[in-house]
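Reading through the structure tokens given below for one structure.
Please treat every number below as a calculation from the coordinates, not as lab data. Computed from a predicted model, the values in this text were never measured in an experiment. Glycine also receives a Cβ, built like all others from the backbone with ideal geometry; neighbour counts cover every protein chain displayed.
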Amino acid sequence: MEALIFKFWWIIVALLCAVLYKYILRFLFGMVIVPEDKIGLITKKFVLFGADKELPDGRIIAIKGEAGFQAKTLAPGLYFGMWFWQYSVTMEQFTIIPEGKIGLIMAKDGSEIPTGNILGKRVDSDNFQDAVKFLENGGQRGRQASYITSGSYRINTMLFQVSITDMIRIQESMVGIVTTLDGLPIEANQIAGKLIEGHNNFQDFDEFIKQGGNRGLQPQVILAGSYNLNPWAIQLEEIPMTEIAIGYVGVVISFVGQDGNDLTGADFKHGNIVGKGSKGVWLEPLGPGKYPINKYIMKVELVPTTNLVLNWASARSEAHNLDKNLSTITVRSKDGFPFNLDVAQIIHVPTTEAPKVIARFGNMVNLVSQVLEPTIGNYFRNSAQDSDVIAFLSTRKERQESAKEHIRKVLDEYNVNAVDTLIGDIVPPESLMKTLTDRKIAEEQKVTYNTQKQAQETRQGMEKETAIADMQKDIVKAQQSVEIAERTASATVKKSEGDAAGVKLAVGAEAEATKMRAHAEAEATKARAQADSEAIKLRASAEAEQISLTGSAEAGKILAVGKSTAEAYELAVKALGGENFTRYKITEELSKGNVKLIPDVLIGGNGNNGGSAMDGLLGLKLMELMDPEKRKDLLTVTEVVEIKPKKD
């Protein structure tokens, strides 16, 4: 075995050299090979000659050949003279910053950071890859304001510690509010730093520091996008952009800037309204849209420019919620009754007047609570005390107009237009409401009764007219009968014109009597119809009228008969002579008692006297005429008998 090993010793040496060549070359020549993806970090163990043996106080990285950690690094490649007994070489991976990340650098060595600062200033050091330059150019130990972006870097990790963090991304419709952690103090009487340009949205924080940027809240904001921001230098808050809807304007209240001149004039004494960029309420409001407003240095008060409805009603509130704290107004009337009142007020704030309203009240809520609520509430309370509940209810329209005019004058003083004042539901006390309801029901019942009465009267009139219409046939018939009777009488009169005047008068009297009877019957029929429609009262009246008309008719008849008799007597006297007619009437009256005064036949005188014989015959004839059955022919006899004078 020993012989075999001795025979092939050179092979063993070759294998050992192949395996341990790096160490052999390092031992013999001080050779170091740095791979392509690594960096060599050097530690010098001691110093033989030509340089200070010790590092200055406070330093840990050597830049002049001192013993210790060396600032100089070995890039990928082959190096000689790095004797293992003097140098220790450590291989480190490249520092790789992924996409979407940044590398934050903290230096372990360097100059002191000035008092008051927290970040080291940027120096030329090839993105911290040249540690020697960093230290020679005055690089400061501690956290660095500069950073490295995505990529591969040969960083001396004995000097620099690298922390990887995400880039900052601001979403759409969002805005980034910046607070810087380093810089000069903010000026007195300011809440934010001054506006600095040229730092590329705070991505070049060293430039921000050089230009005198202040630490703390910044007036500038960052819009949507991705940014390389050093979180050791900047704190970022992401908030939504300020949106002003259609129908609104945004009054800007700026808390930063210089004090501007008041643009409202001497008449407006409720705060300063200034130009854009100054501290105070800006004269020009923002229109509808989205704005990147820094909510910590500016405040935007939304003011509706459309008609705004405010409800004093417990159960109703508008979408704007400005009236959410308003409730139904409770008032007390003159007669001591409390009752509730719902009111709606419509207002309009002109765009040009919106800054004045905000300068005066601060916001729309204060306008409602400090002006509208007490003004409207007190007006209606005072108005109610001047009237009782019933009068208040009955004069609602007038009170609404009065309230509108009063509130318009009040709001004009506050740069607000009063469009309309509307009184809604009025809720009287329940007990009073019951009284009013009962009264109203009674009034309506009275109207109903009157209406029914009128309907009944109308119905009675209709029935009366109906009865009259129904009687029209009888009336027409009666009228026709009268007309026929009149014409018959007229014909009879004309026919008997040659007859004696007594017959004419008798016929005329009979015709008149017939006419009067027909008229009486017509009136009686009419009275009966009226009695049917007018009940007992009208019936009694009709009967009375009938009796009256009947009596009048009878009286007329008697009058006509008497007149006719008188005329007949007159004609008889003319026909018979006064003496003969007297005898006739006496004989007629005696005959009514059936008393015979003379024999039935009496013929006296001598044969020579023809007159006596004639007188006897005439007497017999008169006796016959005294028969009651034949008296009706008296007129005829008197008309046809003609007594001629006796001839001598």
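Here are the numbers:
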read-out: Diffusion constant of segment 245-428 at 37 °C, which comes from Stokes-Einstein with the Kirkwood Cα-pair radius and 0.692 mPa s, µm²/s; value: 183 µm²/s
read-out: Additional length obtainable on full extension of the chain from SER163 to ASN450, 0.36 nm per residue less Cα span; value: 93.2 nm
read-out: For segment 130-267: relative contact order, % (alpha-carbon pairs under 8 angstrom, 6 or more apart); value: 31 percent
read-out: For segment 53-104, projected area of the alpha-carbon convex hull averaged over all directions, nm²; value: 5.5 nm²
read-out: FRET efficiency, 1/(1 + (r/R0)^6) with R0 51 Å, evaluated for LEU184 and VAL47 via beta carbons; value: 0.70
read-out: Among the listed pairs LYS64/LYS101; LYS397/LYS434; LYS397/LYS446; LYS72/LYS101, those beyond 29 Å (Cα-Cα); value: LYS64/LYS101
read-out: Segment 238-312 - charge dipole about Cα centre, Lys and Arg +1 at Cβ, Asp and Glu -1, debye rounded to 20; value: 80 debye
read-out: Value of Rg/Rh across segment 198-272 [Cα atoms, Kirkwood radius]; value: 1.09
read-out: For segment 370-376, 3J(HN,Hα) per residue [Karplus equation, 6.51 cos²θ - 1.76 cosθ + 1.60, θ = phi - 60°, Hz, x = Gly/Pro]; value: 8, 10, 5, 4, x, 5, 6
read-out: FRET efficiency, 1/(1 + (r/R0)^6) with R0 22 Å, evaluated for GLU36 and TRP83 via beta carbons; value: 0.35
read-out: Linear extension gain, THR330 paired with SER226, 0.36 nm per residue minus alpha-carbon span; value: 31.5 nm
read-out: Whole-Hz ³J(HN,Hα) from phi, Karplus 6.51 cos²θ - 1.76 cosθ + 1.60, for segment 316-323, glycine and proline x; value: 9, 8, 7, 5, 6, 6, 5, 9
read-out: Listed residue pairs exceeding 29 Å between alpha carbons, taken from LYS473/LYS495; LYS409/LYS440; LYS515/LYS574; LYS194/LYS299; value: LYS473/LYS495; LYS409/LYS440; LYS515/LYS574
read-out: Zone of GLU237's modelled label, taken as backbone nitrogen in segment 190-206 under 17 Å from a point 7 Å along Cα→Cβ; value: 191-193
read-out: Segments 244-254, 352-362 sorted - mean Cβ within 10 Å per residue, highest first; value: 352-362, 244-254
read-out: Shape call, segment 42-169: gyration tensor on alpha carbons, a/c limit 1.5; value: oblate
read-out: As computed over segment 416-463, the Cα convex hull volume per residue (Å³); value: 107 Å³
read-out: Pairwise FRET efficiency - VAL410 versus ASN307, Cβ, R0 = 22 Å, nearest 0.05; value: 0.80
